[in-house]
Structures are given as C-alpha cells and as structure tokens.
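Report on the following structure.
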Protein chains: 2
Amino acid sequence: MFDPVEKLKEFIRFPSVSTDSSFKEGMAGSQKFVSDLLGSMGFKVEVVKTDVHPLVLASRGGDPSWPHVVIYGHYDVQPADPVALWKTPPFEPTIVGNRIYGRGAADNKGPLMTNIAAVAALLEENPALPLRITFLVEGEEEMGSPSFPAFLEKYAGRLKEADFVYLSDTALPNEQQVVITCGLRGLALLDVVVTGAKGDLHSGLHGGVFRNPIQALSEILATLHTPEGLVNVPGFYDGVLSVEPWERAELSKLAGDGKAYMDFLGVDTFYTTPGFSPFESVRFQPTLEFNGIGGGYQGEGTKTVIPSKAFAKISCRLVPNQEPDRIKELVCKTILSRAPKGVKIDFVDQHKGDPYVVVPPGRPNTPQGQSPVLARAFRATDEAVSAVWGRPPLYLREGGSVPIIAEIKKSTGLDSVMLGLFLPEDNLHAPNESFNLDVMRKGVETAKRILRGITTS
Amino acid sequence: MFDPVEKLKEFIRFPSVSTDSSFKEGMAGSQKFVSDLLGSMGFKVEVVKTDVHPLVLASRGGDPSWPHVVIYGHYDVQPADPVALWKTPPFEPTIVGNRIYGRGAADNKGPLMTNIAAVAALLEENPALPLRITFLVEGEEEMGSPSFPAFLEKYAGRLKEADFVYLSDTALPNEQQVVITCGLRGLALLDVVVTGAKGDLHSGLHGGVFRNPIQALSEILATLHTPEGLVNVPGFYDGVLSVEPWERAELSKLAGDGKAYMDFLGVDTFYTTPGFSPFESVRFQPTLEFNGIGGGYQGEGTKTVIPSKAFAKISCRLVPNQEPDRIKELVCKTILSRAPKGVKIDFVDQHKGDPYVVVPPGRPNTPQGQSPVLARAFRATDEAVSAVWGRPPLYLREGGSVPIIAEIKKSTGLDSVMLGLFLPEDNLHAPNESFNLDVMRKGVETAKRILRGITTS
C-alpha cells in the first residue's frame with residue numbers, strides 16, 4: 001500500500017492548469033499519473049480522448065450482482081496566479097504543520113487521492129471485495145467541463161450500469177462537521193447589451209435629446225428586483241421546489257450567527273426571500289445577480305461622452321425545478337418588455353447548468369423506489385462519518401453549482417453522494433491553497449467504511 | 001504684412017500637445033512663435049509663467065479713452081492619436097484644395113491666426129488706430145485650463161480695464177451661416193461609487209442575501225430621470241433661465257429636420273423637455289448624463305462574482321442660473337436619499353464650469369446698462385458678417401461648454417463676442433483635422449471690420 005501523502009505530493013508536482021495551453025505537459029503528466037496509479041491498483045484504465053483534455057475511466061469489474069460505484073474526481077487545477085502571493089512554490093508541495101500547501105492540494109487532488117487511497121487500502125485488505133468501482137477523473141473541471149456532455153452522450157450506456165456516484169469535491173464547514181451535499185444550484189447566464197446612438201457622442205452637443213444607453217440599462221436592471229430583493233421576473237419562481245421542514249432543521253444545526261455573517265460580508269442589511277434566513281436563502285432560493293456592468297468612459301477624471309453601448313452580465317442561480325433555458329427566456333422577455341423606447345436590446349447567451357437535488361433515505365420526501373444501493377450508500381456514509389468524526393453528517397443543499405452532477409443524473413439517472421473534504425480556510429482558487437492532512441487521514445478511513453458498507457446489505 | 005496662410009503653416013509645424021509632456025519642445029516653440037509674431041507687430045509681450053504651460057499676454061496700449069478688446073486664443077492642440085489614421089503627417093501642414101490639413105489647423109491655430117492677421121493688417125493700414133488690444137493666448141486649453149483661475153486671480157485687475165473679449169473658438173454650422181455664440185452650458189461632474197460587501201464574493205456561496213452594488217447603483221441611477229427624460233432631482237431646474245421668443249425664432253432659422261437629426265444620431269425616439277424641440281433642448285435645457293459605468297467582471301464569457309464596488313460617472317450640463325456646486329450638492333443629496341439600505345455611497349468630485357450667457361443689444365432681455373463698447377462690438381460684428389458673408393449672423397446659445405468664458409465674466413465682468421470659424425467637417429479632436437482657407441480669408445476681413453467698427457461710435 002502506498003503512502004497517500006507521498007502520492008499526493010507527486011500528484012501536486014504536475015502543474016496541471018487546464019485553462020492555459022502552456023501547461024500542456026503538466027496536464028499530460030497529471031493524467032498519466034492518475035492512469036498509472038489506478039492501473040497499478042489493478043484497474044482497467046481507459047484514457048478517453050476529448051476535444052480538450054482526456055478523461056480517465058478506470059474500472060474494476062466483477063459479478064454483475066455486486067453494487068457498482070462511480071468515483072468522480074478531476075486531475076486539473078486552477079491557475080496559480082497571482083504567483084507572487086504564494087509563500088511556497090505552488091507546484092512544489094510543502095508540508096507545514098498538519099497542512100500540505102500547493103495548487104490543487106484541496107481542489108481536487110487531495111480529496112481525489114483520499115478516495116483512491118481508500119480504495120487501494122480496501123482492496124489490499126480484501127482483494128475479493130464484492131464491489132464494482134469505476135473511477136471517472138476528468139481534466140476539464142476548472143474550465144467548465146466543456147467536453148463532458150459529449151462524453152456522457154457516448155458513455156451514458158456504460159455509466160448506467162452503475163448504482164450511484166461518489167465524490168469529494170464540496171466543502172466541510174469546519175473540521176468537526178461533515179456535510180453531505182444534497183443539492184446544488186443551477187445556472188443561467190447571459191449578457192444584455194443596450195445600444196443608444198450609433199456612435200459615441202459629445203454630451204455637450206447632443207446631451208438631453210435621446211436615451212443614454214447607461215440610463216436605459218440602469219432603468220431596466222432596476223426593475224429586475226423588488227425593493228425587498230426578490231427577483232421581479234414574472235414566472236421566475238414558478239415550480240420552485242419547496243423546502244422540507246427536515247431541511248431547515250438540518251441547516252439550523254449548522255447555520256451560525258447572522259451578525260457574524262454580516263461582519264464576514266461587511267454589510268449591514270440582509271435582503272432575503274421573506275420567510276428565509278440568509279443561510280436558507282443561499283441554499284434554497286434562486287437569485288438573479290449582476291456579475292458585471294460596463295459602458296462609456298471608466299478611466300481617471302472625466303470624458304463627457306454619451307456612449308453608444310452599455311452592457312451587464314447577468315447570472316441566475318437556480319433551484320429545482322427551474323429550467324435554465326426557460327429562465328433565460330423569461331429574463332430576456334422581461335428585459336425586452338421593460339426597455340424604454342429609443343434603445344436597442346441584444347443578448348449574448350452564456351453557459352448554463354441544471355440545479356440538482358438528492359434526498360437521503362428515510363426522509364418524508366424521499367422518492368419512492370429510490371435505488372437500494374444509493375440508500376445503502378447514504379446509510380453507510382452516515383455510519384462511517386459518525387464513527388470516524390464522532391458526529392453524524394449534516395445533509396444540506398448548497399448555494400454553489402457543480403453542473404456535471406445534474407448532467408450525470410439527466411443522462412444516466414445516477415444520483416451522487418457528495419462528501420465534502422475541503423475547509424473554508426483551504427484557499428481554493430486562491431494563493432496558498434492547502435489541504436488539511438488530518439482531514440485526509442479521516443477521509444481515507446471514512447471512504448473505506450462507506451465503500452465497505454455498501455457491500456453489506 | 002505677412003501671409004496668414006504661410007504663418008499658419010509655421011504655427012502648425014510646432015507639435016504643441018499640452019497634455020503630453022513629451023511634447024515640451026513643441027509647446028515651447030509654439031509659445032515662442034506666438035510671442036515673437038505679436039512682438040514683431042509692436043505688441044508688448046509678457047510670458048506669464050503658470051504651473052504647467054505659460055500664457056502669452058501681448059498688449060497694444062494707447063489712450064485710456066480708446067476701446068479695449070481682449071482677443072483670446074490658445075496655442076496648444078489635441079494629441080494627434082491615432083496617428084495611423086492621418087492621410088498627411090499631423091504636424092506637416094498640407095494644403096489640398098481650399099483646406100489646410102494639420103493638428104490644430106482649426107482648433108485653434110487657424111482661427112487665432114485669422115484674428116492675428118486681421119490685427120496686423122488693420123495696424124498696417126492705420127498705425128494710429130484708436131483701439132487698445134490685449135492678446136491672451138493660453139497653452140492649456142486642451143487640458144481644461146488648469147492654471148486659468150490662478151492667472152485670473154492675479155491679472156483680473158488688468159483685464160478689467162478692457163471692454164470685452166473677442167474670440168473665434170466656436171463653430172460655424174455651415175460655410176454660409178456665421179453664428180455668434182451667446183450662451184454656453186456649464187458643467188458639474190462627479191463620480192458615484194457604490195460599495196456592497198467588503199470584497200468580491202462568490203455568487204453561488206453568497207448570492208441572494210445582500211444588495212449587489214451593481215443592482216443598487218442601477219436602482220439609484222434609474223431614479224434620476226423621469227420616464228419622459230427630465231432630470232428627476234428636486235431643485236435641479238430651480239432658476240433655470242427662461243428662453244426668450246427671439247432665441248427660439250433665431251434658432252428656428254438654423255435648426256433643421258428632426259428626422260435627419262434622428263438619422264444622424266441613429267435613434268428612433270427623442271427624449272426632450274416638454275415644449276422644447278431636440279435642437280432647443282440641447283441649447284436651452286440642462287441635462288444629467290451618465291458618461292461611464294463600471295463594476296465587476298467585464299471580460300469575455302462569465303465570472304460569477306458579486307463585486308464589492310460599482311461606479312458611474314455623472315456629468316450635468318448646466319444653463320444659467322444653475323450653480324455647479326449647488327447642482328452637485330443636489331445630485332449627491334438625491335442619490336444618498338434614494339440609495340437602498342445595505343450599501344455605502346461615496347462621491348468623487350470632478351471638475352465644473354459655470355454656464356454663460358450674453359445678450360446682444362436691442363433684444364427684449366438685453367441687460368440695462370450693457371457696456372456701450374460691447375454693444376458696439378455686437379453691432380459691428382453684425383454689419384461685418386452681413387457684408388463679408390452676405391447674410392447676418394445668428395445669435396445662438398450652444399450646448400457645449402467653454403468654462404473660461406464664464407470664469408472671465410465672473411472675475412472681470414467682461415463679456416465675450418464669440419464668432420465661430422470652424423466647420424463640422426473640420427474634424428476637431430480627430431484625425432485629418434483641417435481648416436477651410438476660404439473661411440480664413442473671410443474671417444480676416446470680418447475681424448478687420450469688427451475691430452475697425454468698434455473704434456467708430
């Protein structure tokens with residue numbers, strides 16, 4: 001059995017930045033590292049070519065009656081910029097205290113290595129373990145998984161043979177409390193571009209005669225929320241999944257102090273859906289946010305121009321059962337209906353992702369006929385977490401988005417058990433990313449127990 | 001007597017870009033050229049040091065009972081960028097047909113040379129001309145005349161001895177029609193900066209809980225106009241100078257086709273003050289415009305950030321009797337009163353300029369006790385333009401701003417006679433700037449007649 005920490009060091013040394021083509025070699029090295037490691041564990045490894053970075057599919061077959069888990073992870077990482085802010089070289093893993101520093105340490109090399117190590121240990125202990133395992137390790141997560149839909153189209157048939165997906169690419173709120181993520185918000189993104197006059201004009205010679213596009217854009221954007229902060233787009237909330245009392249109860253065990261959250265944000269007023277606390281709003285309610293706005297002169301000093309164009313970048317976070325395309329349509333329709341006369345409105349379509357929710361067994365809203373293996377996996381997870389961490393996990397929906405989870409569900413029917421392993425202080429996507437080695441140690445033990453647990457009905 | 005066109009060529013050859021310190025030599029050369037030329041005409045030349053570029057003050061004294069005119073101009077020019085778009089080198093004057101091409105040809109070297117040549121010719125014809133003349137030629141016009149207030153503070157006493165200011169730094173609407181500019185809009189500029197959370201935040205983890213500053217900014221900006229397009233700031237229109245019927249009548253002789261103006265702008269709807277045509281709105285009504293807006297992610301694609309800050313650049317064009325500081329105060333007060341809770345509002349004060357209006361003699365609203373020399377200058381201008389151009393000038397207010405005109409009025413009491421000499425097709429501030437030599441020829445003759453006219457009561 002290999003040393004998981006030493007293997008993680010090797011893994012981090014590959015600078016596998018997927019979005020930057022100058023890291024081609026690091027990407028190839030990282031992929032080969034994963035393939036070789038899984039191969040050495042007896043897995044049948046297939047490197048699936050995509051338009052950008054290949055995906056590693058590694059399987060351990062067995063009796064078709066055995067349960068079958070797909071373990072997801074990704075071997076690519078975020079860029080290390082700004083490199084100057086790193087205290088240790090980003091691709092030179094460095095252990096300080098109980099932390100290992102390096103780009104990708106927490107997202108996702110550490111958690112992925114945790115699960116690989118658990119499988120390796122388990123198979124060493126019991127080479128006859130009655131469990132089919134497929135590792136699905138992609139190399140495009142940090143660029144939005146552009147090749148994933150095409151991959152799914154081709155491989156959905158094979159994945160459908162599995163029972164569920166297991167992954168560790170979500171967060172722990174703190175070192176004491178494990179969270180099983182049971183819901184992710186979806187996304188619907190678009191830009192709106194407002195055009196006034198056909199060119200930039202002098203505000204002295206032509207000001208006060210026609211609609212300035214910045215003004216028109218502001219007028220439009222100002223209509224998209226109610227004063228209380230609700231999204232003011234007709235039909236936006238249609239079909240929004242209601243929140244079960246058990247979900248609120250579960251969250252209340254975690255959710256902290258509103259005042260402390262205000263201090264963290266640096267604001268003095270919350271705007272949430274009536275009846276929802278800020279913690280509930282983020283996890284259970286959809287949003288429409290402006291991620292960017294631009295137009296005219298933005299430099300120092302002044303330039304008395306009336307710009308021809310102004311734009312805003314809009315993103316909606318969606319909850320079940322909102323459909324991204326329908327939401328985009330509603331937003332566009334609403335904007336068009338509220339645009340003042342005298343300006344032209346154009347839209348730039350951006351990406352999207354479905355929301356996702358999975359209900360653990362034994363809840364009032366657990367779907368009838370839930371896969372028994374999935375139910376067993378949830379129970380095994382609960383038991384494993386309780387045993388290893390001394391406290392049962394919380395089952396919570398999350399405000400963020402991992403679009404591939406809904407995509408997998410859509411094309412294969414598989415649900416996911418998402419056990420978070422990174423902490424808020426791990427600095428994901430930021431300089432000095434690190435991974436807590438105590439969490440890793442507990443994580444290996446937890447994953448071993450979960451996987452073992454699935455095999456015993 | 002020198003050849004005005006040859007002298008203008010010499011003048012254009014100095015690359016006198018005031019805003020770019022690498023053109024120091026061109027600035028010094030341009031200043032020396034003006035000083036030497038006026039010196040050679042018998043003027044007593046004083047080079048007034050300022051914090052940036054010196055100002056040339058050149059005077060021809062005489063009997064204190066003689067009328068005294070200050071002729072204003074500027075020896076600096078706009079940058080020539082983008083140089084690649086010039087068909088001839090910007091600082092190599094080139095005559096094609098009846099036009100001389102070069103940076104500054106029309107703004108302001110050509111018109112200034114026109115007036116200098118007129119004075120030279122006049123003094124050659126009649127060395128005993130009973131007229132005191134002070135040339136005031138600045139080198140910071142294209143950078144907003146930053147040293148002008150300090151200059152005025154020191155020299156107001158001397159300038160007060162004069163009777164009026166004469167300048168050619170405004171526009172002719174076309175080659176047939178001379179316009180005497182009788183009003184300029186003022187300016188009040190400021191930025192508004194809205195801060196939400198204390199840093200940029202992930203829209204998945206924190207979206208839907210607090211006020212996004214782009215949203216707050218849009219909501220604020222959207223309140224600053226009525227749906228009809230009026231400025232919706234309490235007190236904004238207080239004291240706005242009413243428009244005299246003669247002003248509307250005068251403008252109606254010039255103002256063209258609304259449809260053609262729409263086509264020029266490329267819009268399909270006008271928003272103007274009720275009771276004002278678009279042409280009237282621009283000249284007689286104040287505005288509040290957004291010159292720029294920015295915040296969050298503005299690049300390609302998407303970034304699901306909730307930015308910490310968003311800002312807008314606001315400029316008001318003012319008409320008499322709006323006071324820039326009071327208007328800034330009203331705008332700030334209004335913005336603060338309309339800002340939603342949960343965001344912080346800051347302002348960045350930018351520059352300002354008073355509006356200006358001068359009424360020619362013989363109008364219903366001509367001030368009692370108007371300076372007789374000023375009245376004589378207006379009459380002489382009317383006669384000169386009628387004689388040389390075959391059509392009397394129009395007396396119009398203009399939408400643009402020349403803040404120094406109001407500053408001179410404020411600190412010295414002097415009004416200005418502004419006779420436009422550049423045409424819309426002269427490409428001011430743009431590549432391939434040129435000056436029409438027929439206009440120059442007529443301009444010299446016109447200025448001679450005006451100056452001669454003032455001396456004969």
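Residues of the stretch A:413-429 with amide nitrogen under 16 Å from the 7 Å Cα-to-Cβ point of residue A:371? Hits in the stretch A:413-429 for residue A:371 at 16 Å: A:413-419. Placing +1 on the Cβ of every Lys and Arg and -1 on the Cβ of every Asp and Glu, with nothing else charged, gives the stretch A:302-457 a dipole about its Cα centre of roughly 500 debye. Listed by chain and number, the lysines whose C-alpha is less than 19 Å from the C-alpha of residue B:24, apart from same-chain residues fewer than 8 away, are B:32, B:49, B:109. Remark: mean inter-chain Cβ contacts per residue of B:196-206 equal 6, using a 10 Å Cβ-Cβ cutoff to other protein chain atoms.
Secondary structure note: in the protein assembly as shown, about 70% of the DSSP beta bridges are antiparallel.
Between residue A:200 and residue B:346, the C-beta separation translates, for a Förster distance of 35 Å, into a calculated FRET efficiency of about 0.85.
For the cross-link pairs B:154/B:448; A:303/B:448; A:9/A:44; A:9/B:303; B:313/B:344, the ones whose C-alpha atoms lie over 28 Å apart are B:154/B:448; A:303/B:448; A:9/B:303.
Each of the peptides A:212-223, B:405-416 was scored by the mean count of other Cβ atoms within 10 Å over its residues; in descending order, highest first, they stand as A:212-223, B:405-416. For chain B, the longest principal axis of the alpha carbon atoms and the long axis of helix B:110-125 meet at an angle near 20°. To one decimal in nm, how far is residue B:348 from the same spot in the other copies, if labels go 7 Å from Cα toward Cβ? Please give the shortest first. Distances to the matching label points in the other copies: 2.4 nm.
For the pair residue A:425 and residue B:128, what calculated FRET efficiency results from E = 1/(1 + (r/R0)^6), where r is the Cβ-Cβ distance and R0 = 60 Å, to the nearest 0.05? Calculated transfer efficiency: 0.10. Average projection, convex hull of the Cα set of the stretch A:409-457: 5.3 square nanometres.
The mean of 1/r over all distinct Cα pairs in chain A, once inverted, gives the Kirkwood hydrodynamic radius of 23.9 Å.
Electrostatic tally near residue B:60: other residues with Cβ closer than 9 Å to its Cβ, Lys and Arg +1, Asp and Glu -1, net +2. In plain terms, the chain from residue A:95 to residue A:326 could stretch by 78.3 nm, reckoned as 0.36 nm per residue minus the Cα-Cα distance. Of the beta bridges DSSP finds with both residues in chain B, what % are antiparallel, to the nearest 5? So the antiparallel bridges in chain B amount to around 70 percent. Within a straight-line Cα-Cα reach of under 25 Å, residue A:253 can be paired with the following lysines, leaving aside sequence neighbours fewer than 8 residues apart in one chain: A:442. When +1 charges are put on Lys and Arg Cβ atoms and -1 charges on Asp and Glu Cβ atoms, the dipole computed for the protein assembly as shown relative to its Cα centre reaches about 780 debye.
Eigenvalues of the alpha-carbon gyration tensor of the stretch A:158-268, scaled by 5 and square-rooted, set the equivalent ellipsoid semi-axes at 44, 22, 16 angstrom, largest first.
Only the Cβ atoms of Lys and Arg (+1) and of Asp and Glu (-1) were treated as charged; on that basis the dipole of the stretch B:292-372 about its Cα centre amounts to roughly 280 debye. Work out the P(r) tail for the protein assembly as shown: percent of alpha carbon pairs separated by more than 37 Å, whole number. When all Cα pairs of the protein assembly as shown are counted, 57 percent exceed 37 Å. Seen against the Cα atoms of chain B and their longest principal axis, helix B:148-160 is set at about 40 degrees. In terms of surrounding Cβ atoms within a 10 Å radius of their Cβ, A:20, A:426, B:63 rank from fewest to most as B:63, A:20, A:426. Under 11 Å from the Cβ of residue A:276, count the other residues' Cβ atoms, weight Lys and Arg +1, Asp and Glu -1, and hand me the total. Taking every Cβ under 11 Å from that of residue A:276, the sum is +1. Fully extending the segment from residue A:300 to residue A:44, taken as 0.36 nm per residue of separation minus the present Cα-Cα distance, adds 86.2 nm. Computed from Cα positions, the angle between helix B:324-338 and the longest principal axis of chain B comes to roughly 10 degrees.
Label positions at residue B:337 and residue A:441, each projected 7 Å from the Cα along the C-beta direction, are separated by 6.5 nm. Sites listed here are trypsin sites (Lys or Arg not before Pro) in the stretch B:70-130 whose DSSP assignment is loop and whose Cβ has at most 16 other Cβ atoms within 10 Å: B:87.
In this simple spin-label model, placing a label point 7 Å from the Cα along the Cα-to-Cβ direction at both residue A:228 and residue B:244 gives a separation of 5.8 nm.
Every number in this text was worked out from the coordinates using simple rules, so none of it is lab data. What you are looking at is a predicted structure, and each value in this text was computed from that prediction instead of being measured. Positions of Cβ are generated from backbone atoms using ideal geometry, with glycine treated the same way; all protein chains shown enter the neighbour counts.
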